[in-house]
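Asks: Just passing along the structure, written as structure tokens.
The values are calculated or read from the model by the stated rules, or taken from the named source; none is laboratory data. Not measured: the values here are computed from a predicted model. Note: ideal-geometry Cβ built from the backbone for every residue, glycine included; neighbour counts use all protein chains shown.
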Amino acid sequence: MMTGEFLSSKTSLQSLLIQFLHFHLLSLKLKKPARYVSQNPVRTLDAPDILDDWRFNLLDWGSSNLLALALNCNVHLWDSSNNSAHELEISDEENQPISSVSWNPDGRHLAVGMGNSQVIIWDVAADCLTRTLKVGDGVLVGSMDWNSNEILTTGGFDGKIINNDLRARSHTVETYRGHRQEVCGLKWSASGRQLASGGNDKLVFVWDRAAASPRKWVHKLDHHNTAAVRALAWCPFQANLLASGGGDADGGSCINFWDTHTGSHSNLVYTDSEVCSLMWNKNEHELLSSHGSPQNQLILWTYPSMLKRAELNAHQSRVLYTAQSPNGCTVACASGDEMLTFWNVSETFKVAKPASQAHAKPFSQWSCVR
């Protein structure tokens, strides 16, 4: 009897061991190898005369894979598929510097904000001006974002946020009032329902188009207490998660995380250098931040642990402007040092190997977008 119990127990142990080995081998097959993020930009272009101004948003990458970069009074388009550049012939009688650029969702129209309250809508496929919007009275249009292919939201130096319907003769359809100073950043959620705005008044507002009073903010977020808030990013894999960044070199620089369903503050990470921009990785649970003094770098964070996966250094001035390629694999960065750099942040999984110094790096030659 005891022998039978022993054999039965032995058989059960063997069965458990076989199951354990099976699941262990399966987990090894499913587990992704460590991802290597290169510490060097894959390409560097010249960006002469770019303005180093925190009020401006001068870089955007459209769904048609065209990168738009504003250099003083000109807009340059760069096609990454064939490395070609094209300058838009935008005429401005007042010779106003361009303060912001933003592609509409289908990548056909580019909105160009000016310093005189005007926004030019340019049809890139037809290479012509389609409309000019007047969105204020002599105020600089520093931030823009599209809610759809027809609704463009603009933020001005007067603190007003305006929804503009390009289908209507009277294009102003809604005006949001909350900021007491300049609007520095605007971002619509993926659903198009909620809008986040950051200002020089150190505040973040969340607006909801489905609310009973859509022109009234639903959340006023005030954890940024040292400087303007221009960095805003909606999480693509977790609904109602908003990241915001601000601060300066006085030690108050940080990234805040918010639940915009309740308005609650969920996390805070200090960065030790001002946060200029934020963007979520489309392919991984990661957040990329760009910074100013004293580091002037990019940091790739894992989420939600907020551990640093990579620190990317190439710029000598604050990295104010960033844009993400349509597939999310590449990030373009522009800085006051007149450099436009490109980084692979979602490379194919591979084993990390140190770069050989005996061979030239790919795409390391300088090119000019002019």
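Asks: Please work out which residue is nearest to the chain's Cα centre (by Cα), limiting yourself to region 252-270 and to residues that are more than 19 Å from Asn240 (Cα to Cα) and surrounded by fewer than 20 Cβ atoms within 10 Å (Cβ to Cβ).
Replies: Initially, region 252-270 is screened for residues more than 19 Å from Asn240 (Cα to Cα), giving 252-254, 270.
Next, only the ones that are surrounded by fewer than 20 Cβ atoms within 10 Å (Cβ to Cβ) stay: 252, 270.
Values: Gly252: 21, Tyr270: 19 Å.
The extreme case among them is Tyr270.
Asks: Can you find a residue that is in a loop (DSSP other than H, G, I, E, B), buried (at least 19 other Cβ atoms within 10 Å of the Cβ) and modelled with pLDDT of 50 or more anywhere in region 347-368?
Replies: Among the residues of region 347-368, not one is in a loop (DSSP other than H, G, I, E, B), buried (at least 19 other Cβ atoms within 10 Å of the Cβ) and modelled with pLDDT of 50 or more, which makes the answer no.
Asks: Okay, moving on. In contact (Cβ under 8 Å) with a residue 40 or more places away in the chain and on the phi > 0 side of the Ramachandran plot: is that true of Gly155 in this structure?
Replies: In short, no.
Conditions (1) in contact (Cβ under 8 Å) with a residue 24 or more places away in the chain; (2) in a strand (DSSP E or B); (3) closer than 18 Å to Gly246 by Cα, marked per residue:
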{"site": "Pro294", "(1), (2), (3)": "yes, no, yes"}
{"site": "Ile299", "(1), (2), (3)": "yes, yes, yes"}
{"site": "Pro304", "(1), (2), (3)": "yes, no, no"}
{"site": "Ala332", "(1), (2), (3)": "yes, yes, no"}
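Asks: Considering only residues that are charged (D, E, K, R) and more than 22 Å from Leu71 (Cα to Cα), look in region 299-335 and name the one that is surrounded by the most Cβ atoms within 10 Å (Cβ to Cβ).
Replies: Arg309
Asks: Then there is this: Got a number for residues in region 109-127 being within 12 Å of Leu77 (Cβ to Cβ) and crowded, with 21+ Cβ neighbours inside 10 Å?
Replies: Number satisfying all stated conditions: 3.
Asks: Scan region 272-298 residue by residue and report those that are buried (at least 21 other Cβ atoms within 10 Å of the Cβ) and of a type in the set (S, T, N, Q).
Replies: Scanning region 272-298 gives Ser273, Ser277, Asn281, Ser289, Ser290, Asn296.
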